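Take a look at the structure below.
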Amino acid sequence: MFIDSHAHLNISDFDNTRNKLIPSLLSSSIQVINVGVNKYSSKRAVEIAEEYDKGVFASVGLHPLNIRSDFTEKKYGKDGEKESELEKEFDVKEYKKIANASKVVAIGEIGLDYWHRPKGESKKAEYKKLQMNIFNQQLDLAEEMDLPVIIHSRSSFDDTYDVLQKRKLKGVLHCFIGERKDAERFLDMGYVLGINGVIFRTNMDTFLEWVPMDKILLETDCPYLTPPSFDSEINNPFSLSIIAQKIADIKAINRTEVEKIITKNTKNLFNI
Ligand SMILES: [Zn+2]
């Protein structure tokens, strides 16, 4: 059994395939957590989860690249789609309402993304402050609702760490790209790391050899980050087995063992 701890089957890329894809995942013992990046996609994640008795869950949050500001250069998702709409502020009341549904297992994806920062020191500082402010509001909500968090951190490990270490939350650093030294401080705080198809693009073999098995989750971040050998036009949770196999090879353990341990980690974190 696998659980995709970070999928976006809630977005329009899957509008034509979702109704067949999800039942076929479930009958192959693959469960999914669909992750929201703004109000609309968070609501969609919940609606889709509610269509199934079990095995499909939702996470609710405002992605840092979906914050509307004078500096926003790049947004998450495709132009013209509701799922990529920018939001000027974090609408706590509305998000809380969405997150109240029983299928919601986390607040996310939320965090800090300094990759697409504006030029000029004062603009940069203002941009970071805005992201930080909305990140903190969402962490408050996670604390209040007693939910784990799904963190997006790009070019921002130091600030992400500073913010998280002031709190007592549980969570996952999704799409972890880094080395042992980047990971250790987050693991020490009790966070786990989301491993996805990025391991086929960036050489993380030494890191994967080191990282303890009880500290990682599997994710696809589909429709993005398709493993090169996956035979599908866009990525989907069926590719989890390819990622698991690579981890099994590097750690010289059996793939079923990887599957078993990681499923347990995922259930533990999200209380499912
Ligand atoms: Zn994502």
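The values are calculated or read from the model by the stated rules, or taken from the named source; none is laboratory data. Since we're looking at a predicted model, the values are computed, not measured. Cβ sites come from the backbone with ideal geometry, for glycine too, and all protein chains shown count toward neighbours.
For the reader, a short list of remarks on this structure follows.
- Residue match in segment 32-44 (condition: touching a helix residue (DSSP H, G or I) at 6+ places or on another chain (Cβ under 7 Å) and more than 20 Å from LEU141 (Cβ to Cβ)): yes
- Counting the residues of segment 187-236 that are of a type in the set (Ser, Thr, Tyr) and more than 21 Å from VAL149 (Cα to Cα) gives 5.
- Residues of segment 9-42 classified as more than 18 Å from the chain's Cα centre (by Cα) and within 14 Å of the ligand (Cβ to nearest atom), total: 0
- Residue in segment 227-234 that is over 18 Å from the mean Cα position of the chain (by Cα) and of a type in the set (Val, Ile, Thr) present: no
- Single residue of VAL37, VAL92, VAL105, VAL60 found to be closer than 28 Å to PHE157 by Cβ, surrounded by fewer than 21 Cβ atoms within 10 Å (Cβ to Cβ), β-branched (Val, Ile, Thr) and modelled with pLDDT of 95 or more: VAL92
- Selection within segment 149-176: residues that are outside any loop (DSSP other than H, G, I, E, B) and more than 16 Å from the ligand (Cβ to nearest atom). The member of this set that is surrounded by the fewest Cβ atoms within 10 Å (Cβ to Cβ) is ASP162.
- In segment 232-250, the condition of being surrounded by 13 or more Cβ atoms within 10 Å (Cβ to Cβ), modelled with pLDDT of 95 or more, within 16 Å of the ligand (Cβ to nearest atom) and assigned to a loop (DSSP other than H, G, I, E, B) is met by at least one residue.
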